[in-house]
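The structure under discussion is supplied below as structure tokens; questions concerning it will follow.
Computed from the coordinates by the stated procedures, all read-outs in this text should not be read as laboratory data. Here the structure is a predicted model, which means the values were calculated and not measured. Positions of Cβ are generated from backbone atoms using ideal geometry, with glycine treated the same way; all protein chains shown enter the neighbour counts.
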Amino acid sequence: MSVRAAVARTGLVAAAAVLLLFLALPLAGIVWRALTDGDVATELGSSATWEALQLSVVTSTLALALAVLLGTPLAYLLARSRSPAARVVTSLLDLPLVLPPTVAGIALLTAFGRAGYLGDTLDGIGLAVSFTTAAVVLAQLFVSAPFFVRAAYAGFASMDPHLEGVAYTLGLSRWRTFRSVTLPLVWPALAGGAVLCWARALGELGATLLFAGSLPGKTQTMPLAILAAFESEAGLAGAVSLSVVLLGFAFVLLVALHRLTATAGPYR
Amino acid sequence: MLLDRPGVLRRAAATLVLAATLLVGASACGDDDDIEIAAASSMRHVLPRIVEEFLRAHPDLDLSFELRFNGSQVLATQIAEGASADLFISANAVQAERLVDEGMASLATVVTANRLVLAVREESPWYSLSDLADGGARIAVGSPSVPVGRLTVIALSQLDRQLARELLAGVVTEDPSVRVVLSRLELEEADAAFVYHSDVAVTHGLRALPLPPTVPPNEYVAVLLEDAKPGTEEFLAFLLTPEAQDLFRAAGFLRAVAGVRAP
């Protein structure tokens, strides 16, 4: 290896190591703090913890399902459209990510809340959502869907659309083309976007608090339970213990999701 | 020459801009001589007025203040983790006293107190607790883990049992701070909220339904932190003077009754 290549490689590794350490050290810190100060075992044994964890898993999975079901068509249409309107919509997709989550919660209330401009309509058809578990899902969907749609859009846009044309000329139906030509090509993008989307939904705090409230068993997800613990006398020790439970749980799920999408993907 | 290469010039310019940004950022962080007060969010409106009054009363002292407001738990955690502060005014006596127990602070002093009320919007049709219970109102409360929520539990336990049960059935959220509880009324998502009297005093369009007078007030405890700057102790003493107590009262707080707490 030439000196130049060696220097370049060292630089590459150094840059990667700096970021990796920056991301890993706080996580290691919170685990260490929980093991020394906190009481992870007690939290794991408490039914309140499991209640919050269960609510978190159910709501974030529902949010992910909605994002995939509704977001895939949206991303596909945007990526295939040549109209200027589609380009504007695509750039607006990231806006929910820019909003501080608390503001996102207020924004949801201004539309779907009781005093929101759709509030009376929703109330009239018996769909008042604020302070319900449905509101938790909607808050998570609002902040996490852009992650999925953005990734799916990148997948569809980077694919050569002529391949679909070729499939049509060979007599494949639209659905068959999508399933056997398009989907296998964009699968990694969809899977990556889904993981990001789910992780963001699982960690959602601010929008959920404002839009759905915080009631144990109904709307108090794990992040909200951590916030409640932090504000309590148990304070930091209780909050870090619960955080480590959430982290450990998310870690297991993320590893499982990665393996699932990498090996059990239907098109590998 | 080295400087002939445009990349070098551009990088130098970028470095200069970065350095300037850092310098401006550092200097914006306030004077090192400022007396730093970390205070509970509910003090946001009244404390600047008290500081002003203190400076007017002591023209001889050359002091300046930096006020920081947040939830008491957040502030206590920041201080315990090494954030600098000279005086900490906590809405949660337990947290302030924990700092004293750990040897990080001294002179725990009750400086004021706040009464729990059930707030409703001015135009709402409710004038008593039983009106609310009958009307199926949506009620926001603080989480039992925070002082306002703990007081709410006490208040409900002192009501008629049937009434308390009906009110509890209307609870839609247990919020992590009194600020969030109050926002439920402001955003019109809830019909009533258990908050402090001082919150109603500074928020437009709200009125308070009375609760049993036996519900204890929430005390605000100030502690002097280790190595507090000169003048901090004088300010702490000033908080108990009639001038400061009048300002507290005008802002909806109660007069301090207990004074210095036994260590």
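Per residue of chain B, what 222 nm ellipticity follows from adding -39500 (n - 2.57) for every DSSP H run with n ≥ 4, rounded to the nearest 500?
Taking each H run of at least 4 residues, the total per residue is -12000 deg cm²/dmol.
Where does chain B land on Rg/Rh, using Cα atoms and the Kirkwood Rh?
With Rg and the Kirkwood Rh in hand, the quotient comes to 1.12.
Can you give the average number of partner chain beta-carbon atoms within 10 Å of each beta-carbon in peptide B:174-184, as a whole number?
For peptide B:174-184, the averaged partner shielding equals 5.
Just the projected area, averaged over all directions, of the convex hull on the alpha carbon atoms of region B:116-209: how many nm²?
That works out to 5.1 nm².
Here is a further query. Hand me the chymotrypsin sites (Phe, Trp or Tyr not before Pro) from region A:173-268 located in a DSSP loop with no more than 14 other Cβ atoms within 10 Å, in residue order please.
Loop-located and lightly packed - A:267.
I would also like to ask the following. Which of the peptides A:158-166, A:127-135 is most tightly packed, and how do the rest follow, going by the mean number of other Cβ atoms within 10 Å of each residue?
Per-residue Cβ counts within 10 Å, averaged per peptide and sorted highest first, yield A:127-135, A:158-166.
Regarding region B:31-151, what whole-number volume in Å³ per residue does the convex hull of its Cα atoms give?
151 Å³
What FRET efficiency would be calculated for the residue pair residue B:34, residue A:42, taking the C-beta separation as r and a Förster radius of 45 Å, to the nearest 0.05?
0.60
Taking amide hydrogens as modeled 1.01 Å from N in the peptide plane, which residues meet the under 5 Å criterion relative to residue A:39, leaving out close sequence neighbours?
The answer is A:241.
Mind jotting down the distance between the C-alpha centroids of region A:2-59 and region A:168-205, whole Å?
Cα centroid to Cα centroid, the span is 29 Å.
Do any trypsin sites (Lys or Arg not before Pro) in region A:1-67 lie in a loop, going by DSSP, with at most 10 other beta-carbon atoms within 10 Å of their beta carbon, and if so which?
Nothing satisfies the criteria.
Also: What's the Kirkwood radius of region A:37-263 in Å, using all Cα pairs?
Every distinct Cα pair counted, the radius reaches 19.2 Å.
Among A:136-144, B:39-47, what's the highest-first ranking by average C-beta atoms within 10 angstrom per residue?
Most protected by this proxy first, the peptides run A:136-144, B:39-47.
Magnitude of the Cβ-charge dipole of region A:1-104, K/R +1 and D/E -1, about the Cα centre, nearest 20 debye?
In debye, rounded to 20, region A:1-104 gives about 840.
I'd like the Karplus ³J(HN,Hα) series for region B:132-147: coefficients 6.51, -1.76, 1.60, θ = phi - 60°, whole numbers in Hz, and an x wherever there's a Gly or Pro.
Couplings: 4, 5, 5, x, x, 5, 8, 10, 9, 10, x, 4, x, 7, 10, x Hz.
So, counting K/R as plus one and D/E as minus one, what does the shell of residues with Cβ under 15 Å around residue B:134 add up to?
Counting the neighbours of residue B:134, the net charge comes to -2.
Moving on to the next point. With θ set to phi - 60°, apply the Karplus curve 6.51 cos²θ - 1.76 cosθ + 1.60 along region B:82-90 and write out the HN-Hα couplings as whole Hz, x wherever there is a Gly or Pro.
Calculated HN-Hα couplings, in order: x, 5, 7, 6, 9, 9, 10, 10, 10 Hz.
If you don't mind, another one. Quick one: go through region A:49-76 and flag any residue whose amide nitrogen is under 16 Å from the point 7 Å out along the Cα-to-Cβ line of residue A:158.
Within reach of a label on residue A:158: A:76.
Based on the Cβ-Cβ distance of residue A:92 and residue A:28, what FRET efficiency does E = 1/(1 + (r/R0)^6) give at R0 = 30 Å, to the nearest 0.05?
0.20
Right, something else. Across every pair of different alpha-carbon atoms, what Kirkwood hydrodynamic radius in Å does the protein assembly as shown reach?
26.9 Å
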